[in-house]
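The values are calculated or read from the model by the stated rules, or taken from the named source; none is laboratory data. Just so it is clear, the model here is predicted, and its values are computed rather than measured. Glycine gets a Cβ as well: all are built from the backbone with ideal geometry, and neighbour counts include every protein chain shown. Side chains included, ligands, DNA and RNA excluded: accessible areas come from the protein's heavy atoms. Shrake-Rupley method; radii C 1.70, N 1.55, O 1.52, S 1.80 Å.
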Amino acid sequence: MMLKLRDICIIEDIEELQAIPKGKYIINCINAHSYNIAQKDYTFSKALISSDYLIPDGVSIIMACKWLKAKSRPKKRITGWDLFSLEMNKLHSEVISGEYQVRQGKGKTPIIMFMGSSEKVLGMIKNRMKEEFPIFAISTYSPPYKKTFSDEDNKAIIHAINNVKPDLLWVGMTAPKQEKWLYEHWNELDIDCHVGCIGAVFDFYAGTIKRAPQWWLDHSLEWLYRLLKEPKRMWKRYLLGNPIFLYNIFKEWIK
């Protein structure tokens, strides 16, 4: 079954995101680009549909849900960066208040794991994390840079994650690769934490790619800012992808 926007459950506001309970949950993002891919990629479609939680990472998704009279009607865009900031600050507050120690035991240090990207980017993330969240232990894993992982690659990634047993796991291999990998290997991960696929947030946090200034974010123009900054990489996604998204939504509307 291919993904239909009118039928899926999407987080509607930040309060709903904050209320996600403790445990092993996948939190994925959906935007116009991922919706388009899901219309052609069955495994990716299943990965998004099977997400424990989906966040509306684009004003186009919000508008389309309203137009389609969808099951979920998100009120405001929630980005991967919003998810990252919320989860990190929430865990930090739990440590400061002592709630984390009550739950996990005294002497336990929270572990944040970043899986994906290059060693260079991961190193920059580690350095910033040490400054902003010194009470966390940081673990990283850079998978091989290839289109398809071998069985050995997958086993190594799974072993690394299970060995660390993080309190938060961030996956940054870009869509649809990151979502499909988690979907295919979810049952092999022996962890009990929230897992977020946040792609570009790795580069934003490391500082290798500058995120759009607040004015662009406030006016739902982050896509245009990224297009202007990285035209060679982003022109297909936006100049072709946006009209395709409208076409796909129209097809869903008439059915």
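Is the C-alpha gyration tensor of the stretch 106-228 telling us rounded, prolate or oblate? Criteria: a/c under 1.5 is rounded; beyond that, a/b larger than b/c is prolate, otherwise oblate.
Values: a/c = 1.96, a/b = 1.31, b/c = 1.50.
Since a/c reaches 1.5 but b/c is at least a/b, the shape of the stretch 106-228 is classed as oblate.
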Worksheet item: What whole-number value in Å² describes the accessible area per residue of the stretch 42-197 for a 1.4 Å probe?
Response: 50 Å²
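Could you sort 27-36, 87-96, 128-137 so that the peptide with the highest average Cβ count within 10 Å comes first and the rest follow in order? It would help to have the intermediate numbers written out before the result.
Details: 27-36: 23.6, 87-96: 16.0, 128-137: 13.1.
The packing order, highest mean first, is 27-36, 87-96, 128-137.
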Worksheet item: By how many degrees, 0 to 90 and rounded to 10, does the Cα axis of helix 80-97 deviate from the longest principal axis of the chain?
Response: 30 degrees
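Stokes-Einstein at 20 °C, 1.002 mPa s, Kirkwood radius from Cα pairs: D for the chain in µm² s⁻¹? Intermediate results must be reported in sequence, preceding the final value.
Values: Rh = 19.1 Å.
Approximately 112 µm²/s, per Stokes-Einstein.
Over the stretch 1-53, what percent of the accessible surface lies on carbon and sulfur atoms, probe 1.4 Å? Intermediate results must be reported in sequence, preceding the final value.
Values: 1200 of 2290 Å².
Roughly 52 percent of what the probe reaches on the stretch 1-53 is carbon or sulfur.
With only alpha-carbon atoms in the gyration tensor, what are the semi-axes of the equivalent ellipsoid for the stretch 1-62, in Å, largest first? Mind showing how you got there, number by number?
Values: eigenvalues 81, 39, 14 Å².
Semi-axes, largest first: 20, 14, 8 Å.
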Discussion item. Need the list of lysines near Lys40 for cross-linking: C-alpha distance under 21 angstrom, and skip anything on the same chain fewer than eight residues off.
Written reply: Lys4, Lys147, Lys177, Lys180, Lys236, Lys251, Lys255
Item to complete: Relative to the longest principal axis of the C-alpha atoms of the chain, give the angle of the C-alpha long axis of helix 151-164, reported between 0 and 90° and rounded to the nearest 10°.
Response: 50 degrees
Worksheet item: Considering the stretch 45-91, what Rg and Dmax in Å follow from its alpha-carbon atoms?
Response: 12.2, 36
Worksheet item: For the pair Lys210 and Ser85, how long in nm is the line joining their label points, each one 7 Å along Cα→Cβ?
Response: 1.8 nm
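Order these peptides, 206-214, 59-67, by their mean beta-carbon neighbour count within 10 angstrom, highest first.
Working: 206-214: 14.6, 59-67: 19.0.
Per-residue mean Cβ counts within 10 Å order the peptides as 59-67, 206-214.
Run the numbers on the stretch 157-203 and let me know its relative contact order in percent, using alpha-carbon pairs under 8 Å that are six or more apart. Could you put the intermediate results ahead of the total?
Numbers: 49 pairs, mean separation 25.3, N = 47.
54 percent.
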Practice prompt. Take peptides 104-110, 191-197 and line them up by average Cβ neighbours within 10 Å, highest first, as a rough protection proxy.
Written response: 191-197, 104-110
Fill in: Linear extension gain, Ser150 paired with Lys232, 0.36 nm per residue minus alpha-carbon span
26.6 nm
